[in-house]
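The values are calculated or read from the model by the stated rules, or taken from the named source; none is laboratory data. Computed from a predicted structure; not experimentally measured. Counting neighbours? That spans all protein chains shown, and the Cβs are built from the backbone with ideal geometry, glycine included.
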Amino acid sequence: MPSGYASSASRAIERPPCPKCATQMHIARIEPDQPGFERHTFECPTCQHSENTVGGRGLTTMTTRYVALIDGKAGAYGLMVPDLPDCTSAGSTITEVLNNAAEAVRLWLSNTVIAPCPRAYDDVAKDQKVKEAIARGAMLAIVVLAD
């Protein structure tokens, strides 16, 4: 997964490998930290190890975040936003699909009268269809739109 900003409007959160078993960790929580930064809690799905990091580069509190589901393989990734029906993106790399996702979300939102309130990461992760997709190898990501 890429690190840093995917574009000026969105950024990817790098999922580190577990220091105990080397499995790629999942992001479990995102919480406010010092002004402009977030605390990311990662958990290992294999050994249940968890760790916290502080991320962000001057993020303001005026951001909208949608949880997205990424699936595919090298050269052909797809992304869908469960809170925005039919909002999809594609790309040949994860970075490209995330860059395209910010544009897709903005376009989707520009064509609606009332934007749905994004659900929290944990709420999306509990969704049965999302659980099934993750069991088949998909992963969750966050699309951040700076206001």
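Given Ala22, Ala12, Ala28, which one is at pLDDT 85 or above and among the hydrophobic types (A, V, I, L, M, F, W, C)? Steps first, please.
Values: Ala12 fails: at pLDDT 85 or above; Ala28 fails: at pLDDT 85 or above.
One residue alone meets the criteria, Ala22.
Of the candidates Ala101, Ala68, the single residue that is modelled with pLDDT of 90 or more, closer than 26 Å to Ala28 by Cβ, out of contact with any Gly (no Cβ under 9 Å at 6 or more places or on another chain) and among the small types (Gly, Ala, Ser) is Ala68. If I filter region 85-103 down to residues being within 14 Å of the chain's Cα centre (by Cα) and without any contact (Cβ under 8 Å) to a residue 60 or more places away in the chain, which single residue comes out as farthest from Val67 (Cα to Cα)? In this case the residue turns out to be Glu96.
Listed by first and then second residue, the pairs linking a residue in region 131-147 that is at positive phi to a residue that is assigned to a strand (DSSP E or B) and modelled with pLDDT of 90 or more, with Cβ atoms under 7 Å apart and 6 or more places separating them unless they lie on different chains, are Gly137/Asp71.
Take Pro118 and tell me if it is touching an Asp or Glu at 6+ places or on another chain (Cβ under 7 Å) and at pLDDT below 95.
Taking the combined requirement at face value, the residue satisfies it.
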